[in-house]
1. Specify the inter-centroid distance of the range 207-282 and the range 103-156, based on alpha-carbon positions, in whole Å.
2. Quantify how much of the Cα-Cα distance distribution of the range 252-364 extends past 16 Å, in percent.
3. For the range 56-270, treating each Cα as an identical point scatterer without solvent, what Debye log10 I(q)/I(0) comes out at q = 0.18 1/Å?
4. Looking at the range 1-61, which GluC sites (Glu not before Pro) are in a loop (DSSP not H, G, I, E or B) and have at most 10 other Cβ atoms within 10 Å?
5. Output needed: percent of Cα pairs per 10 Å distance bin for the chain, bins running from 0 to the one holding the longest distance.
6. Kindly work out what percent of the DSSP beta bridges joining two residues of the chain are antiparallel, to the nearest 5.
7. Below 8 Å between Cα atoms, with a sequence gap of 6+, how large is the relative contact order for the chain in percent?
8. Please give the contour-minus-distance gain from T355 to K280: 0.36 nm per residue of separation, less the Cα-Cα distance, rounded to one decimal in nm.
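Taken together, the values in this text are just the output of simple stated rules run on the coordinates, not laboratory data. What you see is a predicted model; the values in this text were computed from it and never measured. We place every Cβ from the backbone using ideal geometry, glycine too, and count neighbours over all the protein chains shown.
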Amino acid sequence: MEIKGFGVEEWLNENEKSAQFDISQSTISSLTLGELLKFDSQNPTEQITKYLNTKLNYGWIEGSPEFKQLVSELYLRVDSKNVLQTNGATGGNFLALFSLLNPGDQIISLYPSYQQLYDIPKSLGVKVDNWGLREDLNWQPDIEQLKQLISPKTKMICLNNAQNPTGSLLKKPLLKQVVALAREVGAYILADEVYQPVDKVDQFPSIADLYEQGISVNSLSKTYSVPGLRIGWIATQSAKLADVFRKYRDYTMISGGVVNDTLACITLRNQQAILARNKKLVKRNHEILRKWVDSQEKVDIIMPEQVSTACIKLNIKMDDETFCQKLLDDTGVLLVPGNRFDMPGHARVGYCTDTETLKNGLQRLNEFLKQCQ
Ligand SMILES: Cc1ncc(COP(=O)(O)O)c(C=O)c1O
């Protein structure tokens, strides 16, 4: 099985530890363990002591009943039985693709988006048609193109909503049209929803709620600020689909681990407080980014929704990869070159880091851009 290198991961693996001002990441500023525990109790030390008697066995295989229940409550139509814990959203995407696709199948994937969604299928011998995101449509795809691409042979449509790296959102009216097209030909829809917005949740229906053959993948890594737990999930209305995932899951993971499951439940139990913290941070940093871009001649942007990833367009002669490498070497500021998402001439800005890092990073980026033609 041949697979292409994962562009963004390769870039980050090589560069993130040497960055002084990391404004490349797509998590809303990560919580410390102490901060997370404080959401749950006034006395985190006492709380840790309570866990000293926890046996470090495998724990609950599919995720604890509390975890499955709390996740199912994020949806309108997903029973807790149809929630399976995964190793992050990465594990959820892999599980869905690996379980449902066979060599010779045909799928359609939003493109560019998260590379897993098209390069895993290709590595499995699947034919992938791209449903293109268009900058001239504010980083939306054109439904007319999907109508042209879809056929009775289409087995799955892969979406990334909100989209990495642009932060654009596929809203309910468009999603309903996609569902209608998929339903006509009996195709599954897999949606990586890891960039669930912190706000305006009514504009963000999960595919598992909209469609009986919809598969929602999400995790605690971005909107909930705890990527280090490595806890995600796959959720669907369909008991039959959940059983297929169960079968394949046994071959790819046993459990998420008792400690991580416990911390995941704490995160989900306290989601309102965590989201309130994150809403403030996203709003503040969104405004800083917008003002910064407004003052730049060499940078354009289609502002993201209230999600933690943004994509700038570089109006310079240097290619984006060389630019980002020189920027890091000379100033310690880290971005992700657009080239790593098949979006040359652009760069990802992870603007939801802590506000001081964002301000420092943008100031140095400003100075560096002055030297570029
Ligand atoms: C669209 C998308 N899906 C999944 C992931 C990985 O999520 P997790 O940490 O839950 O595995 C990322 C991380 O950058 C992402 O951008």
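1. Here the answer is 24 Å between Cα centres.
2. Value for the range 252-364: 67 percent of Cα pairs lie more than 16 Å apart.
3. Debye intensities relative to I(0), on a log10 scale: -1.32.
4. Sites meeting the loop and neighbour criteria: E2.
5. Taking every Cα pair in the chain, the percentages come to 5, 24, 32, 26, 11, 2, 0.
6. Numbers: 20 of 41 bridges.
Looking only at bridges with both residues in the chain, the antiparallel portion is about 50 percent.
7. With pairs under 8 Å counted, the relative contact order is 25 percent.
8. Going from the current span to full extension adds 25.9 nm.
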